[in-house]
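Just so it is clear, none of the values below were taken in a lab; they were calculated from the coordinates. Keep in mind that this is a model prediction, so the values were computed, not measured. Counting neighbours? That spans all protein chains shown, and the Cβs are built from the backbone with ideal geometry, glycine included.
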Amino acid sequence: MGNGVVIFGLWVAAILSLVSARNSIYNVADYGAVGNGQRDDTQAFLKAWGAACADSYYPTFLIPSGKGRTFLLSQITFSGPCKSNVHVQVSGNLVAPNKLWTKKPETWIVFINIEGLTVDGHGQIDGQGAIWWPCITKHICSGAPYIMQFLGCTGLKLSGIYLKNSPGKHLAIYKSDWTTIKGLTITAPGDSPNTDGILIAESNHVHVYSSNIGVGDDCVAIGSGCYDVNISSVTCGPGHGISIGSLGANSKVEKVRVSGCNIFQTTVGVRIKTWQGGSGYAKNILYEHIVFNSVRSPILIDQYYCPQGNCANKTSAVAISDVTYNDLHGTSVDPVAIKIACSESMKCDRVVLNDVSFSFEGSQAPMQSYCLNAYGKMYGKVVPEVPCLKW
C-alpha cells in the first residue's frame, strides 16, 4: 500500500514536471514587436498569438515591460478556440492610434471564443480617447470604439490591468459565463461622453470586485441577458454610478447583488433604467452596505429613461420586482435622494428599504423622495421616507 502511494506520487510529479517544462512563453518582442509607441506592432502580436493559441501546454502570451516599452496597436482580434488555456500577461503598456480610426462603434482589442482565458498584469492600456470626445459631443461621430471586449470567453479571469481614456466604453463582457474581474483600475475624465467602465451583457455568473472606476458614464452597467452578477468592493467616482440597464425589448436580468461599494461624486448612485415600451423583467436585485458621498441621486428607478428628452409615450414596460436596499447611507447633493418612478401601466413590486438614510449635503433642509406606482415595505430607519411603498 505504501509503495503504491509513493509510486503514484512520483508519477504525478513527473507529469507535472513535464507539463512545466513544456510550458512556453510567447513574448511578442520575439515576434518582431518593437514597443517604441511609434511603430505599429499589430502583426507581431498576431503572430505571437497564433503560436500561443496552438500550444497545448498552457502557454503564456507575454507583453513585456522594461525600457519604457509602449506597444502601438491598430484594431486587433485575438481569436480562439485555442489548444489549451492561455495566460495573457500584460506587463508592458498598450496604446491606440491617436486618430479617428473608424467611423463605426467598434472595439480596439477583442478576445473571442477563448475558454479558460486569464488576462492579468499591471500594464496600462490607453485608448487615446481625447481626440474622440469632441467628435461625439458635437454629434460629428456616430459612435466611438471600446478599448477591450471579451466575447464568448467562458471561464475568463481578468485582473490587475489599468484601462484609461477610452473613446467609448472601456471594457465589455458579452456571452462570457463564469467571469471573474478583480483589481482593475479604469479612469477617464468625468465629462468624457459614454465612457462606461465595465459593460456586462448576455453573461451569467459574473463577479466584479476590488476595483477602482472613475469615468464619464456608468462605472458598471449590467445589460440584458444577465443572471447572477455580483459587484462588490468597487469604488466608483466620478461617473454615473452602478446601473442596471438601460433595458428595452425582451430584457432579462435576474439575481444581481451590489455590495460593499463606495460611490462618490457621481450623478447617480445605484440605478435601474428602462425604456418606455420595453418588455421582459429585472428581478431579485439586492443593494447592500453601500456608502454614498456627494451623489446627486443616490437611489433611482427610472422607467421613463430618455436621455435625449424626445421619447414617445408608450404603455408597455419592463417588469421590476424584488428589489432590496439594505444598509445604504451617505450624502446627496439633491434634496430628492430616493426616486422610484415606475410605469403607470406596470407597477414595481416588492421594493424593500431597510436601514437607508441620506443627508442633504451643505444644508439642513429635509430630504425628499419621489415615488410612482411602486409597492413594497420600509424597515428600520429610512430617511427620507418613501410613503407610497405598500404591499
Item to check | Residue among A374, A282, A365 with the largest mean-square fluctuation in a Gaussian network model of the chain, springs linking Cα atoms under 10 Å | outcome: A365
Next on the checklist: Treating only the Cα positions of the range 24-197 as identical point scatterers, give the base-10 log of I(q)/I(0) from the Debye formula at each q in 0.10, 0.13 Å⁻¹.
Outcome noted: -0.35, -0.60
Next on the checklist: Show me, for the range 239-246, the HN-Hα J-couplings you get by feeding each phi into the Karplus relation (A = 6.51, B = -1.76, C = 1.60, θ = phi - 60°), rounded to Hz, glycine and proline as x.
Outcome noted: x, 10, x, 10, 10, 9, x, 7
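DSSP loop (so not H, G, I, E, B), at most 13 other Cβ within 10 Å: list which trypsin sites (Lys or Arg not before Pro) in the range 252-314 pass both filters. Walk me through the intermediate numbers first.
Working: sites: K252, K255, R257, R271, K273, K283, R296, K314; in loops: R296, K314.
The qualifying sites are K314.
Treating only the Cβ atoms of Lys and Arg (+1) and Asp and Glu (-1) as charged, compute the dipole magnitude of the chain about its Cα centre; round to the nearest 20 debye.
Numbers: 29 positive and 26 negative charges, 79 e Å.
That gives the chain a dipole magnitude of about 380 debye.
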Item to check | the range 24-197: relative contact order as a whole-number percent, Cα under 8 Å and 6+ apart | outcome: 17
Next on the checklist: Among D191, D217, D349, which one shows the highest mean-square fluctuation when the chain is modelled as a Gaussian network with alpha-carbon springs under 10 Å?
Outcome noted: D191
Checklist entry - If you project the alpha carbons of the range 276-391 onto the principal axes, what extent comes out on each, in Å, largest first? => result 39, 31, 21
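Which value, in debye to the nearest 20, gives the size of the charge dipole of the range 24-197 about its Cα centre, when Lys and Arg are +1 and Asp and Glu are -1 at the Cβ? Can you show the working numbers first?
Values: 14 positive and 11 negative charges, 55 e Å.
I would put it at about 260 debye.
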Checklist entry - So what's the angle, to the nearest 10 degrees on a 0 to 90 scale, between helix 42-53 and the longest Cα principal axis of the chain? => result 80
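Say the cut-off is 24 Å between C-alpha atoms; which of K157/K255; K83/K169; K175/K283 go over it?
Values: K157/K255 21 Å; K83/K169 31 Å; K175/K283 20 Å.
Beyond 24 Å: K83/K169.
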Checklist outcome for this item: Karplus ³J(HN,Hα) for the range 265-271 (6.51 cos²θ - 1.76 cosθ + 1.60, θ = phi - 60°; Hz, whole; x = Gly/Pro) runs 6, 10, 6, 9, x, 10, 9
Checklist outcome for this item: As straight-line cross-link partners of K314, the qualifying aspartates and glutamates (C-alpha separation under 18 Å, not fewer than 8 residues apart within one chain) are D302, E344
